[in-house]
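Asks: Sharing a structure here in structure tokens format.
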Amino acid sequence: MSQHLTAIYDTRVAEGILRPDPAQRAVLVRLEPIREALEAPVKKGLLSRFRKAEVAGPRGLYLWGGVGRGKSMLMDLFHAHVGIAEKRRVHFHAFMQEVQSALHEVRKTGVDDAIKPVAEQIARDIRLLCFDEMQITDIADAMIVGRLFQALFEAGVYVVTTSNRHPGELYKDGLNRQLFLPFIDLLQENLGVDQLEAMTDYRQDRLSGEQVYFHPADAAARSAIDRLWQGLTEGREEELLLEVKGREVHLPRYWAGMARASFWDLCGQPLGPADYLALVGAVKLLVLEGVPRLDATKFNEAKRFVTLIDALYEGHVRLICSAEDEPERLYLEGAGSFEFERTASRLREMQGADWGEG
Ligand SMILES: Nc1ncnc2c1ncn2[C@@H]1O[C@H](COP(=O)(O)OP(=O)(O)OP(=O)(O)O)[C@@H](O)[C@H]1O
Ligand SMILES: [Mg+2]
């Protein structure tokens, strides 16, 4: 008999890794029967697990709530301790990209209805899918998730997912939303829906009292940021590719709503407002390293930097930054240097202990 999820949680609390939070613990109580169902021996033959009717209870959990409450942490704890091999934890956006390209491949073979074979392909190897950050912004995704997840549930796949929104708020104001509504019903019929009402924003908490703006951007700044990043991600990272109107924004260092990039990655490339908005949609915390002193010869970089900071500011994204100088001295001459005052002021405000809350 494996250890109860709440017992694992309590151990982490006792070890001082986690602070005790009854709301978080309650989620693990909800996840426990899902784990038990997954660990129960699968009847061989007759495709028994493909008979949804045979399985009682929800097919997983949709966990939603405000930023930094511990949703990803709880999902990861669950995922790590479900004693089956056929499981996968994946960022929702990355999963949908894979699905879209699999659909594309299947359609090439002349199949009309590609969704079913793609879902069957997924369900062949996987019994549990854990999605971090379910959100739907893309119409191409919105139009297929209903039938895709219907097929996945029918194939016996369990789904545990985190999101910042209640299912009823997904794809809000999206194009052709009425065609998307069956997906919301499907989620609510198949999954338990839980709001994580933890009182603390633990991400904020981990950063409170920490320096988040470093200058100059030297080796000391780098190692201080390494330490912060390690504490926030616990050493885990993955790549995330954002697709924006046919272009790609590549985030090579990403984990659970946090990304780490250099100034040149984000402001040295021909990226524009739409790209930065997509970035803001995907992260709640950005580590931006190596902002140089800018001048008239770096006009384009300066302009992108202004756009990036505006987008982060509007989106309440937490920023950890290293730069050559104080915000006010980053762009003293060149077109738009007057407007840069606002950027500098925002950079100051974003260093505040309670910045990004709510
Ligand atoms: N009870 C806790 N005690 C201490 N740290 C915690 C606790 N719960 C979560 N954390 C830490 O707080 C940070 C934020 O947690 P997590 O990423 O799980 O939040 P989230 O709800 O997924 O937020 P978001 O909605 O922004 O994705 C992580 O570094 C996590 O390890
Ligand atoms: Mg999260």
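Values in this text are rule-based calculations from the coordinates and carry no lab data. Just so you know, these numbers come straight off a predicted model, no measurement behind them. Counting neighbours? That spans all protein chains shown, and the Cβs are built from the backbone with ideal geometry, glycine included.
Asks: If you scale each eigenvalue of the Cα gyration tensor by 5 and take the root, what three semi-axes come out for the range 248-330, rounded to whole angstrom and sorted largest first?
Replies: Over the Cα atoms of the range 248-330, the semi-axes work out to 20, 14, 12 Å.
Asks: Take every Cα pair under 8 Å in the range 114-172 that's 6+ residues apart, average their separations, divide by the length, and report that relative contact order as a whole percent. Numbers along the way, then the final one.
Replies: Numbers: 58 pairs, mean separation 30.3, N = 59.
Worked out over the range 114-172, it gives 51 percent.
Asks: Which one of Thr6, Ile115, Leu179 is farthest out on the positive end of the charge dipole of the range 5-195, using unit charges on Cβ (Lys, Arg +1; Asp, Glu -1) and the Cα centre as origin?
Replies: Farthest towards the positive end: Thr6.
Asks: So for the range 5-195, averaging the separation of alpha carbon pairs under 8 Å that are six or more residues apart and normalising by length, what relative contact order in percent results? Walk me through the intermediate numbers first.
Replies: Details: 253 pairs, mean separation 55.1, N = 191.
Once normalised by length, the contact order is 29 percent.
Asks: Same structure, new question: Starting from one equal scatterer on each C-alpha and no solvent at all, send me the Debye-based log10 I(q)/I(0) for the range 118-250 at q = 0.21, 0.23 Å⁻¹, two decimals.
Replies: Per q value, in the given order, log10 I(q)/I(0) is -1.31, -1.41.
Asks: Rg/Rh for the chain to two decimals, with Rh computed the Kirkwood way over all alpha-carbon pairs.
Replies: Taking Rg over the Kirkwood Rh, I get 1.00.
Asks: Which order results if Val249, Val90, Val106, Val145 are arranged by neighbouring Cβ count within 10 Å, fewest first?
Replies: Ranked by crowding around the Cβ, least crowded first: Val90, Val106, Val249, Val145.
Asks: Asp354 versus Ala220, label points 7 Å from Cα toward the beta carbon: distance in nm?
Replies: 3.1 nm
Asks: Determine the relative contact order of the chain: mean sequence separation of Cα pairs under 8 Å and six or more apart, normalised by residue count, in whole percent. Mind dumping the intermediate values first?
Replies: Numbers: 529 pairs, mean separation 56.1, N = 358.
Averaging sequence separation for qualifying contacts and normalising by length gives 16 percent for the chain.
Asks: Could you list the residues of the range 137-170 with an amide nitrogen less than 13 Å from a label point located 7 Å from the Cα of His316 in the Cα-to-C-beta direction?
Replies: 164-165
Asks: Dipole magnitude of the chain about its Cα centre, charges +1 at Lys/Arg Cβ and -1 at Asp/Glu Cβ only, in debye to the nearest 20?
Replies: 1100 debye
Asks: To the nearest 20 debye, what charge dipole does the range 89-201 have about its Cα centre, counting +1 at the Cβ of each Lys and Arg and -1 at the Cβ of each Asp and Glu?
Replies: Roughly 320 debye for the range 89-201.
Asks: Further question on the same structure: To check my understanding: the extent here is largest minus smallest coordinate of the Cα atoms along each principal axis. What are those three numbers for the range 113-167, in Å, largest first?
Replies: So the extents along the principal axes, rounded to whole Å, are 29, 23, 13.
Asks: Still on this structure, please answer the following. Rank these for me by crowding, Arg236, Arg177, Arg59, going from fewest to most other beta carbons within 10 Å. Show your work: numbers first, answer last.
Replies: Numbers: Arg236 11, Arg177 14, Arg59 22.
Result, fewest neighbours first: Arg236, Arg177, Arg59.
Asks: Separate question: Nearest 20 debye, what's the magnitude of the dipole of the range 202-349 about its Cα centre given +1 on Lys and Arg Cβ and -1 on Asp and Glu Cβ?
Replies: 240 debye
Asks: Would you kindly work out the equivalent ellipsoid of the range 202-349 from its C-alpha gyration tensor and give its semi-axes, the square roots of five times the eigenvalues, largest first in whole Å? Before the final figure, lay out each step's value.
Replies: Numbers: eigenvalues 103, 74, 36 Å².
The equivalent ellipsoid of the range 202-349 has semi-axes of 23, 19, 13 Å.
Asks: So, one more: Using Cα atoms only, what is the angle between the long axis of helix 181-190 and the major principal axis of the chain, expressed in degrees (0 to 90) to the nearest 10?
Replies: Helix 181-190 sits roughly 60 degrees off the main axis of the chain.
Asks: In addition: In the range 302-358, which chymotrypsin sites (Phe, Trp or Tyr not before Pro) fall in coil by DSSP and have 16 or fewer other Cβ atoms within 10 Å? Write down the numbers at each step before the final one.
Replies: Values: sites: Phe305, Tyr313, Tyr331, Phe338, Phe340, Trp355; in loops: Phe338, Trp355.
Those satisfying the criteria are Phe338.
Asks: Compute the long axis of helix 92-108 from its Cα atoms, compare it with the longest principal axis of the Cα atoms of the chain, and write down the angle in degrees, 0 to 90, nearest 10.
Replies: The helix 92-108 is inclined about 60 degrees to the chain.
Asks: If each of Glu326 and Val244 carries a label point 7 Å out from its Cα toward its Cβ, how far apart are those two points in nm?
Replies: 3.1 nm
Asks: Which order results if Lys71, Lys172, Lys303 are arranged by neighbouring Cβ count within 10 Å, fewest first?
Replies: So the ranking, lowest neighbour count to highest, is Lys172, Lys303, Lys71.
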